[in-house]
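Where a number appears in this text, it was derived from the coordinates with a stated rule and is not lab data. Worth saying up front: this structure is predicted, and the values here are computed from it rather than measured. Cβ sites come from the backbone with ideal geometry, for glycine too, and all protein chains shown count toward neighbours.
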Amino acid sequence: MSLIDSRFSILSEDFAADPYRHFARLRERTPVHYEPETGSYFLSRYQDVKRVLTDHEAFSTETLQERAEPVMRGPVLAQMTGAEHTAKRKIVIRAFTGPALHEQIQAVRTNTAELIAPFLPLGRVDLVNDFGKPFGVHVTLDVLALDKKDWRRIAAWHSGVAEFITSIVLTPERRRHCLDCAEQLEAYLLPVIEQRRRHPGDDLISTLCTAEFDGIAMSDRDVTALIVNVLAAATEPADKTLALLFKHLIDHPAQLAQVRQDPGLLPAAIAETLRYTPPVQLIPRQAEQDAVFAGTTVPAGATVFCMIGAANRDPDAFTDPDTFDIHRPDLGAARSFTAAAQHLAFGTGLHQCVGAAFARAELETVAAMLLPLLDQVRHSPGHPYRETGLYTRGPASLPLDFTPVTDFTPVPH
Ligand code: HEM
């Protein structure tokens, strides 16, 4: 049986405009979609995606050597295996959980207050471009103890790095631009690494600089790669999820009213946002041996893209999957941020997101602060809603109107 539909392309403008419209047909008719321009396979069924992400023998992260390493300047966590992966993953997790988390949540509060303050008297904010993007970068810079006055430069370099990793097709000019960004980011980080090696603090970069594996410290290249890894992984999905959360709640006023009344529902609302519209839409793997899905063989060596958005809307995994419902019984708010998550927005298996618990705390904190400040929040008229991105996806902008606030002082402590 050929499951290849020659007329349909994931690289088409039609798909980019609204992939969700195509997911049911893909799952039902072409669950293994071959994209000739890239020579890669796209899997859309929940069970197939889960199989790829958990069968680490049959599907490796080898593809990241090409897709990530050139801009990360060294190996990222997702490329590592065995003891090295476990040990380095633990270091990163420690920086985002336990006692460290408490301090970071304080930084989330401070950043939220400072960044939203100028917009409150106006009664209008673009939650993506005015708030979410700087917020995502500021919080990550705080975690890494990097200087926030450099945030615009770092954000610009970071966006070049992210473009490289998340492009399905990249022109030679854009490739050059992305590599330039990566070189500049590396040049910025190297003196910081040198300084933290001499005077370590209690931040993640210092921990990476002083950690040893089998008695050997990490090289500057290894530390740089992990910093860029965290910078890229922590920033973009968080700001996209925040905007998507507000969009869905505004579009479902009864659920917005319930969350306003009971902020304890926020984790469920965030989890449902991640299921319904995962900001990371594609996770790549390399088939290490021929693998058969729904009667189609994916040959050894091929790149396989797991379509997280399609898997999260699979009726075999979730009842009434195209409905946004923060009360859905088949999700479970608490486990949605753990290895037992039913949705696949954080991936699953050995490489499941290390920042899931932090992302929950970060998003819960910022949303709990913004909701009472943004009274009567609604879409600003005259701005058609548009999402962008095939690999990572979120609103291009989210202009919102709300009741102006004139007596806010950004001192959250
Ligand atoms: C809503 C927010 C987030 C989403 C949706 C998200 C999504 C993901 C996904 C899908 C993966 C799996 C990639 C794969 O299997 O190849 C991943 C891995 C990862 N994430 Fe996140 N992420 C989020 C926030 C964060 C944050 C805040 C951090 C900060 C530390 C982070 C750090 C990482 C790292 C380091 C990995 C690689 C883990 C490994 O390979 O062992 N993420 N994330």
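What percent antiparallel are the DSSP beta bridges of the chain, to the nearest 5? Walk me through the numbers on the way to the answer.
Working: 24 of 27 bridges.
Here the antiparallel bridges make up roughly 90 percent for the chain.
Checking the cross-link filter: which lysines have an alpha carbon closer than 22 Å to that of LYS240, excluding same-chain neighbours under 8 positions apart?
Within the straight-line limit of under 22 Å, LYS240 reaches these lysines: LYS133, LYS148.
Would you please put 45-51, 322-328, 63-69, 134-140 in order of how densely packed they are, using the mean number of other Cβ atoms within 10 angstrom per residue and starting with the highest?
Result, highest mean Cβ count within 10 Å first: 134-140, 45-51, 63-69, 322-328.
Can you give me the long-range amide H partners of PHE42? Hydrogens built in the peptide plane at 1.01 Å from N, cutoff under 5 Å, separation of 5 or more residues or another chain.
For PHE42, the qualifying residues are HIS33, TYR34, GLU35, PHE305.
So how do 213-221, 282-290 stack up, highest first, on mean other-Cβ count within 10 Å?
282-290, 213-221
I need the phi-derived Karplus couplings for segment 306-322: 6.51 cos²θ - 1.76 cosθ + 1.60, θ = phi - 60°, integer Hz, Gly and Pro marked x.
Per residue, the Karplus-derived 3J(HN,Hα) values read 7, 8, 5, x, 6, 5, 5, 10, 7, x, 6, 10, 9, 6, 6, x, 8 Hz.
Using Cα-Cα distances under 8 Å and only pairs 6 or more residues apart, what relative contact order does segment 1-124 have, in percent? Walk me through the numbers before you get to the answer.
Values: 59 pairs, mean separation 14.0, N = 124.
For segment 1-124, the relative contact order is 11 percent.
Sequence gap at least 6, Cα distance under 8 Å: using those rules, report the relative contact order of the chain to the nearest whole percent.
27 percent
Length gain on complete extension for the stretch ALA87 to ASP322, per 0.36 nm per residue less the alpha carbon to alpha carbon distance?
Full extension of this stretch gives 80.7 nm more.
Which order, highest average first, do 305-318, 361-374, 192-205 follow once you tally other Cβ atoms within 10 Å for each residue and take the mean per peptide? Intermediate results must be reported in sequence, preceding the final value.
On the way: 305-318: 22.9, 361-374: 20.1, 192-205: 15.7.
Averaged packing, sorted descending, gives the order 305-318, 361-374, 192-205.
Can you give the helix-only mean residue ellipticity at 222 nm for the chain, where every DSSP H stretch with n ≥ 4 adds -39500 (n - 2.57) and the sum goes over all residues, rounded to the nearest 500 deg cm²/dmol?
-15000 deg cm²/dmol
Please identify which residues in segment 124-154 have an amide N closer than 17 Å to a label point set 7 Å out from the Cα of HIS199, following the Cα→Cβ vector.
Within reach of a label on HIS199: 145-148.
Between GLN106 and ALA294, what is the spin-label point distance in nm, taking each point 7 Å from the Cα along the Cα→C-beta axis?
With each label placed 7 Å out from Cα toward Cβ, I get 5.1 nm.
Give me the one-decimal nm value for the distance between modelled label points at SER9 and THR406, 7 Å along each residue's Cα-to-Cβ direction.
Here the answer is 5.6 nm between the modelled labels.
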